[in-house]
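The values are calculated or read from the model by the stated rules, or taken from the named source; none is laboratory data. Just so it is clear, the structure is predicted and the values come from calculations on it, not from any experiment. We place every Cβ from the backbone using ideal geometry, glycine too, and count neighbours over all the protein chains shown.
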Amino acid sequence: MIPLRDNIPSDRFPAVTVAIIAINFFVFLFLQGPSFSLSGGQEVKPKPIVEFGAIPYRVTHPGKDCVLALPGTPQEQPVCQGTAAYVEAATLSPQPEHVTQPPAYLTIFTSMFMHGGWLHIIFNMLFLWIFGNNIEDSMGRVRYTLFYLLGGLAAGITQVAVSPDSQTPLVGASGAIAAVLGGYALLYPRARVLTAVFVFFIFLVEIPALVMLGIWIFLQFLPAVGQLASPDVGSQGGVAYFAHLGGFAFGLLAIKLFAQRRSASYGAPRYPVY
């Protein structure tokens, strides 16, 4: 189920939303160095992710840095000081690669602008483009920027709380965008969203925003329950479901504190979004 557009036009150019999208693509293309090969393999270089991704173990164990074990091999992964994996990595060949890491608390913010692959960033930015412009309209640019960053912070803290010893870096704007979705669900529940639904074939249907976003958060909740049994994101397909839940909850709780108005188009007669 992929949203394509909603039926609430922006009241003004969504400068902050566009800037966030541009920053994310800049970081992905020029700092993470994604692969353009169709032959498979890693989509992005692991070193920038270890450097600027939010590693829960670093957040919960101040002063403990991480290295990249088995660099240049398919098994390369971050391991952190004070763990058995760190001691074992020192006995393996090739030797661990040391990386320069900012303070752990800062990585919760830097990780919001990094992504694990092409589909990750494309779908995140699509959701942000569709729903972010109206939330920006409702708040103004300064409030919206603060709302977005605090939503990402809430998302990261939620995931760290669930998996405090995980050495898998958290990357992606999904948590901050989930906050935008939570705010949108309360602010514009009756907006119509043109959605591509895959059931053997592709169907284009208009769905009320509350229904569409309700289905989305339900699909995050189910695997999140399973993730409780094994909280390490790396062992659960690489998706930080609790970050999505934490961001969405922040959006629901904070939207009335940040939003100042609804779009004038929301109360106007609605037309098909095709």
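Evaluate the range 179-188: report whether one residue or more is over 21 Å from Leu126 (Cα atoms) and either at pLDDT 95 or above or touching a strand residue (DSSP E or B) at 6+ places or on another chain (Cβ under 7 Å) (or both). No: the range 179-188 contains no residue that is over 21 Å from Leu126 (Cα atoms) and either at pLDDT 95 or above or touching a strand residue (DSSP E or B) at 6+ places or on another chain (Cβ under 7 Å) (or both).
Which helices (runs of 4 or more DSSP H) sit wholly inside the range 10-127 and have at least 2 residues that are more than 21 Å from Tyr148 (Cβ to Cβ), without any contact (Cβ under 8 Å) to a residue 60 or more places away in the chain and not small (Gly, Ala, Ser)? Spell out the reasoning first.
Details: elements: 15-26, 46-52, 56-60, 84-89, 104-110.
The helices (runs of 4 or more DSSP H) meeting that bar are 46-52, 84-89.
Residue-wise test of (1) touching a helix residue (DSSP H, G or I) at 6+ places or on another chain (Cβ under 7 Å); (2) modelled with pLDDT of 95 or more.
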residue: Pro96; (1), (2): yes, no
residue: Leu126; (1), (2): no, yes
residue: Gly152; (1), (2): yes, yes
residue: Gly175; (1), (2): yes, yes
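Residue check: is Ala243 buried (at least 22 other Cβ atoms within 10 Å of the Cβ), outside any loop (DSSP other than H, G, I, E, B) and in contact with a helix residue (DSSP H, G or I) (Cβ under 7 Å, 6 or more places away or on another chain)?
Yes: the conditions hold for Ala243.
Taken together, the residues in the range 58-76 that are under 15 Å from Ser111 (Cβ atoms) and surrounded by 23 or more Cβ atoms within 10 Å (Cβ to Cβ) amount to 2. Note on the range 167-182: residues that are within 23 Å of Tyr57 (Cα to Cα) and surrounded by 24 or more Cβ atoms within 10 Å (Cβ to Cβ) total 8.
Tell me, yes or no, whether the range 165-172 has at least one residue that is within 19 Å of the chain's Cα centre (by Cα) and under 18 Å from Phe250 (Cα atoms). Yes, there is a match, as at least one residue in the range 165-172 is within 19 Å of the chain's Cα centre (by Cα) and under 18 Å from Phe250 (Cα atoms).
Only one residue in Phe218, Phe200 is on the phi < 0 side of the Ramachandran plot, surrounded by fewer than 13 Cβ atoms within 10 Å (Cβ to Cβ) and aromatic (Phe, Trp, Tyr). Which one? Quick ask: steps written out before the conclusion?
On the way: Phe200 fails: on the phi < 0 side of the Ramachandran plot.
None of the other options fit; the residue is Phe218.
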